[in-house]
Structure formats: C-alpha cells, structure tokens
Amino acid sequence: MKITDFLREKAISVDLQAKDKEGVIREMVQLLVKAGEIKPADEEKIVPVLLAREALGSTGIGQGVGIPHGKSNVVRQLVGAFGISRRGVNFDSLDGETAQIFFLLLAPEDSAGPHLKALARISRLLKDRYFRDSLKEAKDEKQVVKIIQQEDQKSL
C-alpha cells in the first residue's frame, strides 16, 4: 500500500497552528473538509470519534509522531491528512516528547484491512529518522508530497 493511495494532496499542511491535541485533530479534519473528502456538516461527527479513540490510548507513538485515526461512515474509503507543527504539540506521546508530524486517517466503519495496512505502513516509514527529518524540514506542501512519493517508489 502506498501512502499516496489515501493521502489527499489538498489535505496537507506544513504549518499547523493548533496548540493542543484536540486542536490538531480539528485542524486536520478541516484539511479533509477543504480537500472535499468530508462535508462541512460532518466535521462535528468525526472529531468526537477521533477524540474517543484518543481516550482509549494516545496515538502519539513517540519520536515526534502522532497518528490520530478512527472509523466513520461519513467517508466511503480510507482517506488521510498530513500536518506538521513547527512548535510541537503535547500529544500524550509514549515517550513524553511533543509531536510535530501528524498523519490523520479516517476509514469507513466496515473497513479493517486498508485501515490497518495504512497504520502499519505509516508507522514503519516514520521509524526512519531521515524520513521524519525530511518531512519536518519540508518548506511547503509540494515538498511533502515529493518526499512521500519518493518513499512510496522505494517500496514498490
């Protein structure tokens, strides 16, 4: 599975402004709204789903990475958003560090396979320090897309 299969180019931001976990989640859901993947009216249905998932255990996996995710029937297929917080956000990460790199995944209720494959793929890629650093240093959204496309090509 390639990240570009589910990550929407219009749902990428290298300048997240949120100062806390809920703010990051809201801002990233808004990226999916802006990209046309979610109706504006459905935003308030999705945020509670993602926050409920966080209540079960933080999706801050450490090393400056957060992967908020959830399932909702407001989407028909797996969709993703990506964001970078230059200042870092307390995301209750396993290592206690702030998170700067965020992938948000949203899958339909009945979709287990693609959702889990996407989580595994992102987690595996983000273990690579060079990849994380490249993303953090990206100057704009186009550069993020290019970095991710290059990584996707390596795994084919």
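The values are calculated or read from the model by the stated rules, or taken from the named source; none is laboratory data. This is a predicted model, so every value here is computed, not measured. We place every Cβ from the backbone using ideal geometry, glycine too, and count neighbours over all the protein chains shown.
So that you can scan it fast, the table gives a plain yes or no per residue for (1) touching a Gly at 6+ places or on another chain (Cβ under 6 Å); (2) surrounded by 12 or more Cβ atoms within 10 Å (Cβ to Cβ); (3) modelled with pLDDT under 95:
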position: Asn90; (1), (2), (3): no, yes, no
position: Gln100; (1), (2), (3): yes, yes, no
position: Ser111; (1), (2), (3): no, yes, yes
position: Ala118; (1), (2), (3): no, yes, yes
position: Lys139; (1), (2), (3): no, no, no
position: Glu151; (1), (2), (3): no, yes, yes
position: Lys154; (1), (2), (3): no, no, yes
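A count restricted to the stretch 74-130 and to residues that are among the polar types (S, T, N, Q) and assigned to a strand (DSSP E or B) stands at 2.
Being free of Cβ contacts under 8 Å to residues at least 60 places away in the same chain, among the polar types (S, T, N, Q) and in contact with a His (Cβ under 8 Å, 6 or more places away or on another chain): is that true of Thr98 here? Working first, answer last.
Numbers: free of Cβ contacts under 8 Å to residues at least 60 places away in the same chain: yes; among the polar types (S, T, N, Q): yes; in contact with a His (Cβ under 8 Å, 6 or more places away or on another chain): no.
No, not satisfied.
Of these, Gly83, Gly64, which one is touching a Lys or Arg at 6+ places or on another chain (Cβ under 9 Å) and at pLDDT 95 or above? Lay out the reasoning, then the answer.
On the way: Gly83 fails: touching a Lys or Arg at 6+ places or on another chain (Cβ under 9 Å).
Sole residue among the options that is touching a Lys or Arg at 6+ places or on another chain (Cβ under 9 Å) and at pLDDT 95 or above: Gly64.
Of the listed requirements (1) surrounded by 16 or more Cβ atoms within 10 Å (Cβ to Cβ); (2) out of contact with any Pro (no Cβ under 6 Å at 6 or more places or on another chain); (3) not basic (Lys, Arg), Pro40 misses just one: (1). When Asp133 is tested against (1) acidic (Asp, Glu); (2) in a helix (DSSP H, G or I); (3) modelled with pLDDT under 95; (4) farther than 14 Å from Met1 by Cβ, exactly one condition is not met: (3). Taking the criterion of being over 12 Å from Ala107 (Cβ atoms) and in a strand (DSSP E or B), the residues of the stretch 61-73 that qualify are Ile61, Gly62, Val65, Gly66.
Restricting attention to the stretch 42-60, which residues are assigned to a loop (DSSP other than H, G, I, E, B) and closer than 18 Å to Val75 by Cβ? So that I can check it myself, show each step before the final result.
Quick first cut of the stretch 42-60, residues assigned to a loop (DSSP other than H, G, I, E, B) only: 57-59.
Thr59, the sole residue that qualifies.
Tell me which residues, restricted to the stretch 12-24, are touching a strand residue (DSSP E or B) at 6+ places or on another chain (Cβ under 8 Å), in a helix (DSSP H, G or I) and either hydroxyl-bearing (Ser, Thr, Tyr) or surrounded by fewer than 17 Cβ atoms within 10 Å (Cβ to Cβ) (or both). Matches in the stretch 12-24: Gly23 only.
If I ask for residues that are touching a Leu at 6+ places or on another chain (Cβ under 9 Å) and either at pLDDT 95 or above or among the β-branched types (Val, Ile, Thr) (or both), which ones from the stretch 38-58 would you list? Across the stretch 38-58, the qualifying residues are Ile38, Ile46, Val49, Leu50. If we scan the stretch 45-58, do we find a residue that is touching an Asp or Glu at 6+ places or on another chain (Cβ under 6 Å), surrounded by 14 or more Cβ atoms within 10 Å (Cβ to Cβ) and of a type outside the set (A, V, I, L, M, F, W, C)? So far as the stretch 45-58 goes, yes, one or more of its residues are touching an Asp or Glu at 6+ places or on another chain (Cβ under 6 Å), surrounded by 14 or more Cβ atoms within 10 Å (Cβ to Cβ) and of a type outside the set (A, V, I, L, M, F, W, C). Evaluated against (1) at positive phi; (2) crowded, with 18+ Cβ neighbours inside 10 Å, Leu125 falls short on exactly one condition, (1).
Inspect all residues belonging to the stretch 25-33 and state whether any of them is farther than 20 Å from His115 by Cβ and assigned to a strand (DSSP E or B). Taking every residue of the stretch 25-33 in turn, none turns out to be farther than 20 Å from His115 by Cβ and assigned to a strand (DSSP E or B).
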